[in-house]
Amino acid sequence: MGETAQSLREKGICPTCYNREHGGIYEDIAERMLYEDDLLACFFEIKPRQVGHTIILLREHYHDMSFIPDDVCAAVYVFAKKVMNVLKEVLHVERVYLCTMCDTKANHFHVQLIPRHPDTIHGSVNFVKERMDYVENKTHISMIREKLKND
């Protein structure tokens with residue numbers, strides 16, 4: 001039987017790093033990829049809490065923000081701000097919540113951006129909303145990719 005993210009976490013193994021080396025843990029993100037460089041990858045979440053739920057994942061392993069060098073931390077958060085503004089523009093959302101949840105033994109630091117659409121209730125309830133199936137919107141993906149590449 002193959003490894004799962006949960007079984008790896010229980011062994012103290014980071015599923016993100018394991019997946020990068022061996023594959024087979026997470027679905028391919030190529031179609032959901034919005035931006036990537038040597039530092040990070042930015043893509044739409046496969047099981048979003050809201051349309052436009054975006055992940056910014058550092059390539060290098062850090063357990064949580066307290067382990068990240070200051071220059072890398074600054075770059076991630078400046079990039080997150082850029083993505084937030086692009087999501088607001090392209091998806092016509094009012095706000096974009098930012099959170100990190102690094103609460104397992106084998107966590108891989110990442111930032112989650114969760115848009116709040118005009119008809120969405122305000123507040124922290126958006127962080128725990130029921131997850132939904134990802135629905136691809138090639139127009140949005142193309143627009144976001146272009147804006148992130150050029151801005």
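A compact table of results
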quantity	calculated
Gain in span if fully extended, Tyr26 to Asn85, counting 0.36 nm per residue against the direct Cα distance	18.5 nm
At R0 = 30 Å, FRET efficiency that the Cβ-Cβ distance of Glu136 and Asp70 yields, to 0.05	0.25
Per residue solvent-accessible surface (Å²) - the stretch 1-62, probe of 1.4 Å	55 Å²
Length released on extending from His117 to Asp38, taking residue separation times 0.36 nm less the Cα-Cα span	25.3 nm
Net charge over other residues, Cβ less than 12 angstrom from the Cβ of Arg59 (K, R count +1; D, E count -1)	-3
Dimensions (Å) - the chain, Cα atoms, principal axes, largest first	42, 34, 29
Those trypsin sites (Lys or Arg not before Pro) in the stretch 1-43 that DSSP places in a loop and that have at most 16 other beta carbons within 10 Å	Lys11
Of the DSSP H helices in the chain, those whose Cα atoms cover at least 24 Å axially and whose Kyte score averages -0.5 or more	70-91
Of His92, His140, His22, the one that fluctuates the most in a GNM where the chain has Cα springs shorter than 10 Å	His22
FRET efficiency, 1/(1 + (r/R0)^6) with R0 22 Å, evaluated for Leu98 and Asn150 via beta carbons	0.45
Residue-averaged [θ]222 nm for the chain, counting only DSSP H segments that reach four residues, each worth -39500 (n - 2.57)	-10000 deg cm²/dmol
Whole-number Å³ per residue for the convex hull built on Cα positions in the stretch 7-59	95 Å³
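The values are calculated or read from the model by the stated rules, or taken from the named source; none is laboratory data. These numbers come from a predicted model, not from an experiment. Don't worry about glycine lacking a Cβ; one is built from the backbone with ideal geometry, like all the others, and counts go over all protein chains shown. The area values use the complete protein model at the heavy-atom level, side chains included, leaving out ligands, DNA and RNA. Shrake-Rupley method; radii C 1.70, N 1.55, O 1.52, S 1.80 Å.
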